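This report refers to the structure that appears directly beneath it.
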Amino acid sequence: MKVILLEDIKKIGKKNDVIEVSDGYAKNFLFQNKKAVLATPKNINENNLIIQEKQNEEEIKEARASLLKSEIESIILKYKLTINNGKAAHSISIKTIVLDLEKQHKIKIDKHKILKHESINQTGMFNLDIKLSKKVIATLKIDVQEF
């Protein structure tokens, strides 16, 4: 019997997959627990529309992430550190960078999307990689000068 899965089922398939299963498994488990529907032509068409809609949404997300990437990569955040006896008096935290990015450039980013979670406590140029989507990673430049 052909069915369309309504949710992911381990070792069987993922949500919206059209699969072949035994009649007993379909009737006694999948249908009773509302984990699948019968693969009628109408249900298959509806399923295909849902899959196409998800793909379109994913493409839009990727396009937005690409635009945001180009915007982020054109930015250089500048900071000043006080250095005493070769050591920094304070450090620049990821939280500070995220807040400054939002204040100065109106770009809001979740701090957990930054792939390197260490504070900056020395002078120089630094690159922070930010995961914007599954496929898009932007690099933010940080310029730290001595105060």
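Throughout, read-outs are computed from the coordinates displayed, never taken from laboratory work. The shown structure was predicted, so the numbers you read here are calculated from the model rather than taken from an experiment. Because the Cβ atoms are built from the backbone with ideal geometry, glycine has one as well, and the counts that use them run over all protein chains shown.
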Footprinting exposure proxy for S22, S133 (fewest neighbouring C-beta atoms within 10 Å first): S22, S133
Neighbour-limited loop hits for trypsin sites (Lys or Arg not before Pro), the range 29-108 (at most 14 other Cβ within 10 Å; DSSP other than H, G, I, E, B): K34, K106, K108
Pairwise centroid distance, computed over Cα atoms, of the range 63-89 with the range 6-46, Å: 49 Å
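Output the relative contact order of the chain, whole-number percent, from Cα pairs under 8 angstrom with separation of 6+ residues. Write down the numbers at each step before the final one.
On the way: 206 pairs, mean separation 30.5, N = 147.
Dividing the mean separation by the residue count of the chain yields 21 percent.
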Residue-averaged 222 nm ellipticity for the chain, from DSSP H runs of 4+ at -39500 (n - 2.57), nearest 500: -10500 deg cm²/dmol
Exposure proxy ranking, count of Cβ atoms within 10 Å, fewest first, for Y79, Y25: Y25, Y79
Spin-label pair E102/I60, simplified geometry with 7 Å Cα→Cβ offset, distance in nm: 2.4 nm
Which of F147, F29 has the fewest Cβ neighbours within 10 Å, and the rest in rising order: F147, F29
